[in-house]
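The values are calculated or read from the model by the stated rules, or taken from the named source; none is laboratory data. Keep in mind that what you see is a predicted model, and the values were worked out from it rather than measured. Positions of Cβ are generated from backbone atoms using ideal geometry, with glycine treated the same way; all protein chains shown enter the neighbour counts.
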Amino acid sequence: MSDLFFSPDLPAEFDRLQRQMASLFPGFPASLRAMRSETFPPVNIGSTDDSVEIVAFAPGLDPAAIDVSIDKGLLTISGERKPREPEAGEEARVYARERFMGAFRRVIELPQHADPDKVNARYVNGCLTISVGRSEASKPRAITVQ
């Protein structure tokens, strides 16, 4: 006889497994939803009737150091945030650092109706806003009934 069985209450089994993992690995998050995402920059993605709108929150970056490209339906945002160099004669001790520093790369899959030839990117007040136009065939339109 096997000790292996399948419970009809699958969510309860996942909770049991998660408790076992937490006991084996101290510091393991209490919930998978509690895991902190370390991706930079954080993004909001939405759409209008005319475009797909992506807003990447990336304060403190030089707009010239941000690369945006589209290839095969994937929008890539990449660059590097460099640490601030101390000024001459300035001595500073860092006690905590929560701001992301270093190279980053975000890849976002665009919907099929996005037109890679209609892209506009602008950086204002620490937000990189990318607007990708929709193809004409995918835009909503009214049909006249005759």
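At a glance:
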{"read-out": "Which numbered condition residue 134 fails, given (1) closer than 20 Å to residue 61 by Cα; (2) surrounded by 11 or more Cβ atoms within 10 Å (Cβ to Cβ)", "value": "(1)"}
{"read-out": "Candidate set from segment 37-83 (those that are assigned to a strand (DSSP E or B) and acidic (Asp, Glu)); member that is farthest from the chain's Cα centre (by Cα)", "value": "71"}
{"read-out": "Every residue from segment 137-146 that is closer than 27 Å to residue 56 by Cα and without any contact (Cβ under 8 Å) to a residue 60 or more places away in the chain", "value": "138"}
{"read-out": "Scope segment 85-119; condition aliphatic (A, V, I, L, M) and either surrounded by 10 or more Cβ atoms within 10 Å (Cβ to Cβ) or assigned to a strand (DSSP E or B) (or both); matching residues", "value": "101, 103, 107, 108, 110, 114, 119"}
{"read-out": "Residue tally, condition touching a residue at least 60 places away in the same chain (Cβ under 8 Å) and basic (Lys, Arg), over segment 52-83", "value": "0"}
{"read-out": "Restricting segment 31-88 to residues that are farther than 22 Å from residue 111 by Cβ and in contact with an Asp or Glu (Cβ under 8 Å, 6 or more places away or on another chain), the residue that is modelled with the highest pLDDT", "value": "79"}
{"read-out": "Selection within segment 120-136 - touching a residue at least 24 places away in the same chain (Cβ under 8 Å) and in a strand (DSSP E or B)", "value": "121, 123, 127, 128, 129, 130, 131, 132, 133, 134"}
{"read-out": "Pairs with Cβ under 9 Å, 6+ apart, first in segment 10-29 and at positive phi and exposed (fewer than 12 other Cβ atoms within 10 Å of the Cβ), second at pLDDT below 75 and of a type in the set (Asp, Glu)", "value": "none"}
